[in-house]
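Report on the structure given below.
The values are calculated or read from the model by the stated rules, or taken from the named source; none is laboratory data. These numbers were taken from a predicted model, which means no experiment stands behind them. We place every Cβ from the backbone using ideal geometry, glycine too, and count neighbours over all the protein chains shown. Protein only, heavy atoms only, side chains kept; ligands, DNA and RNA dropped before computing areas. Shrake-Rupley method; radii C 1.70, N 1.55, O 1.52, S 1.80 Å.
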Amino acid sequence: TMAGDSKSKYGKAMMAAMHCQLAAEECLSHCITELGKGDKSLAACAKSTKEVIAVCESFVTLASQSSNFTKKLANLCIEICEACAKECEKHASHHQICKDCQTSCLACIK
């Protein structure tokens, strides 16, 4: 089934995870740019977005084939997204891209 197919048990969760992965990719690119300029305050943010990208991608892979490990991975996905949302929150007021990543992480947790 396609990821957007609502017939899939994890359809909505997969869409949220894909959106979250994309927002995290954009946030990571932003962090790398800022780190390159010497702003070390986004180092932890870059690390947490990489974790989100890895876990969201894995979640979509497992959920799309209704793997028996999907639920276990979903719980890890929630934990990682919570950590990333907390990290992005620190920069949300002055970096729109971090705010967007935080929002997508919270949506993914839901």
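With respect to the conditions (1) open to solvent by less than 70 Å² (accessible area, probe 1.4 Å); (2) within 18 Å of residue 109 (Cα to Cα); (3) at pLDDT below 95, residue 8 lacks only one, and its number is (2). The single condition among (1) open to solvent by 50 Å² or more (accessible area, probe 1.4 Å); (2) in contact with a His (Cβ under 8 Å, 6 or more places away or on another chain); (3) not small (Gly, Ala, Ser) that residue 30 does not satisfy is (1). For beta carbons closer than 6 Å, sequence separation of 6+ or different chains, a first residue in region 10-28 that is under 13 Å from residue 57 (Cβ atoms) and a second that is open to solvent by 90 Å² or more (accessible area, probe 1.4 Å), the qualifying pairs are 21/57. Checked against the criterion of being hydroxyl-bearing (Ser, Thr, Tyr) and closer than 15 Å to residue 15 by Cα, the candidates 93, 41, 58 yield just one match: 58. Considering only residues that are of a type in the set (Val, Ile, Thr) and either in contact with a Cys (Cβ under 6 Å, 6 or more places away or on another chain) or without any contact (Cβ under 8 Å) to a residue 24 or more places away in the chain (or both), look in region 46-64 and name the one that is farthest from residue 107 (Cα to Cα). So the residue we want is 61. For region 60-94, taking the residues that are open to solvent by 30 Å² or more (accessible area, probe 1.4 Å) and part of a loop (DSSP other than H, G, I, E, B), the one that is nearest to residue 50 (Cα to Cα) is identified as 90.
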